[in-house]
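J.: Before anything else, here's the structure in question.
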Amino acid sequence: MGLPYAALDVAALLSFRDLGIRAESALLEKIWAEEQSFLAPDLAKSRRTFLLDVAYWSLYLREKPCIDREFPVIQRDAADCGAHLSEESFLSDFSNLDLYFKEVRFRLRFFSDCGYVRIKLRTLLKQYGYRRRSAKLLEHLEQCMAFYQLQPYLRGGIPCKLSEISIDEMVVFRLSEEEQLS
């Protein structure tokens, strides 16, 4: 099972970079040309759909603070119409773990001079609301790393498995060797 980039993911990754319009446009063209196999099926079918959907979500992310401020009014209006909107269903904080691995691949493919991203395992888990490593969480992490063709290493370039290292170890992510050759 793959974890493809949705338009919202690409928009969020672009917003992390705070690029100018020309640089962002060039990067979107590069993503379309080089990362198409990692896009969600509905995005990968049409360049036009890809660009329009990413533009839509980019605009949403730029306006999100304003939308968040207006949420109580929107919630009240919805209640007047007989609907109920919860904050969880309306607001998105992008705190899913998949986005971290998408961002790592994105950084390594398009922005990294050094060819690696490092983070302490405890920090990674804490950043997404986890305190411990469960078997299900480790399986999900392995699935993400396999799909995005990322290899975890310890300092010194020693390959590792996240299930076998201390939670306080510094993990270095690199693109897999096959991916580096392409």
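The values are calculated or read from the model by the stated rules, or taken from the named source; none is laboratory data. What you see is a predicted model, and the numbers here were worked out from it, not measured in a lab. When we count neighbours, we look across all protein chains shown, and the Cβ atoms used for this are built from the backbone with ideal geometry, even at glycine. To get the accessible areas, we keep the full protein, side chains included, count just its heavy atoms, and leave off ligands, DNA and RNA. Shrake-Rupley method; radii C 1.70, N 1.55, O 1.52, S 1.80 Å.
J.: Out of the residues in region 7-24 meeting the condition of being open to solvent by 60 Å² or more (accessible area, probe 1.4 Å) and not aliphatic (A, V, I, L, M), tell me which one is modelled with the lowest pLDDT. Outline the logic, then answer.
T.: Going residue by residue through region 7-24, those that are open to solvent by 60 Å² or more (accessible area, probe 1.4 Å) are 15-18, 21-22.
From the residues that got through so far, the ones that are not aliphatic (A, V, I, L, M) too are 15-18, 22.
Working: Ser15: 88, Phe16: 85, Arg17: 86, Asp18: 82, Arg22: 94.
Within region 7-24, the match that is modelled with the lowest pLDDT is Asp18.
J.: If you go through region 140-147 one residue at a time, do you hit one that is open to solvent by less than 50 Å² (accessible area, probe 1.4 Å), in a loop (DSSP other than H, G, I, E, B), of a type outside the set (Asp, Glu) and on the phi < 0 side of the Ramachandran plot?
T.: No, the conditions are met nowhere in region 140-147.
J.: Have a look at Arg76, Arg69, Arg62, Arg48 and point out the one that is without any contact (Cβ under 8 Å) to a residue 12 or more places away in the chain, under 30 Å from Arg105 (Cβ atoms) and open to solvent by 50 Å² or more (accessible area, probe 1.4 Å). Please lay out each step first, then the result.
T.: Details: Arg76 fails: under 30 Å from Arg105 (Cβ atoms); Arg69 fails: under 30 Å from Arg105 (Cβ atoms); Arg62 fails: without any contact (Cβ under 8 Å) to a residue 12 or more places away in the chain.
Selected residue: Arg48, the only one of Arg76, Arg69, Arg62, Arg48 that is without any contact (Cβ under 8 Å) to a residue 12 or more places away in the chain, under 30 Å from Arg105 (Cβ atoms) and open to solvent by 50 Å² or more (accessible area, probe 1.4 Å).
J.: Hey, another quick one. Here are the criteria: (1) within 22 Å of Ser112 (Cβ to Cβ); (2) touching a strand residue (DSSP E or B) at 6+ places or on another chain (Cβ under 7 Å). Tell me which single one Arg17 does not satisfy.
T.: Going through the list (1) within 22 Å of Ser112 (Cβ to Cβ); (2) touching a strand residue (DSSP E or B) at 6+ places or on another chain (Cβ under 7 Å), Arg17 breaks only (2).
J.: Somewhere in region 147-165, is a residue closer than 25 Å to Leu61 by Cα and at pLDDT 85 or above? Write out each step before concluding.
T.: First pass over region 147-165, keeping only residues closer than 25 Å to Leu61 by Cα: 148.
Of the ones still in play, those that are also at pLDDT 85 or above are 148.
Yes, some residue in region 147-165 is closer than 25 Å to Leu61 by Cα and at pLDDT 85 or above.
J.: Determine which member of the set Gly157, Gly115 is touching a residue at least 60 places away in the same chain (Cβ under 8 Å) and of a type in the set (Gly, Ala, Ser).
T.: Gly115
J.: Give the residues of region 99-122 that are open to solvent by less than 30 Å² (accessible area, probe 1.4 Å) and in a helix (DSSP H, G or I), sorted by residue number.
T.: Within region 99-122, Leu99, Tyr100, Phe101, Lys102, Glu103, Val104, Arg105, Phe106, Leu108, Leu121 qualify.
J.: Looking at region 148-182, which of its residues are among the hydroxyl-bearing types (Ser, Thr, Tyr), open to solvent by 20 Å² or more (accessible area, probe 1.4 Å), in a loop (DSSP other than H, G, I, E, B) and under 30 Å from Leu39 (Cβ atoms)?
T.: Taking region 148-182 and keeping what is among the hydroxyl-bearing types (Ser, Thr, Tyr), we get 148, 153, 163, 166, 176, 182.
With the extra rule that they be open to solvent by 20 Å² or more (accessible area, probe 1.4 Å), the set shrinks to 153, 163, 166, 182.
In the following step, the residues that additionally are in a loop (DSSP other than H, G, I, E, B) were identified as 163, 166, 182.
Ser163, Ser182 - these are the residues of region 148-182 that are among the hydroxyl-bearing types (Ser, Thr, Tyr), open to solvent by 20 Å² or more (accessible area, probe 1.4 Å), in a loop (DSSP other than H, G, I, E, B) and under 30 Å from Leu39 (Cβ atoms).
J.: Please go through (1) open to solvent by less than 70 Å² (accessible area, probe 1.4 Å); (2) modelled with pLDDT under 95 for Trp32 and return the number of the only condition it doesn't satisfy.
T.: In the conditions (1) open to solvent by less than 70 Å² (accessible area, probe 1.4 Å); (2) modelled with pLDDT under 95, Trp32 misses (2) alone.
J.: Regarding Arg76, is this residue modelled with pLDDT of 90 or more, assigned to a helix (DSSP H, G or I) and of a type outside the set (A, V, I, L, M, F, W, C)? If you could, list the steps in order and put the result at the bottom.
T.: Numbers: modelled with pLDDT of 90 or more: no; assigned to a helix (DSSP H, G or I): yes; of a type outside the set (A, V, I, L, M, F, W, C): yes.
Judged against the criteria, Arg76 is not a match.
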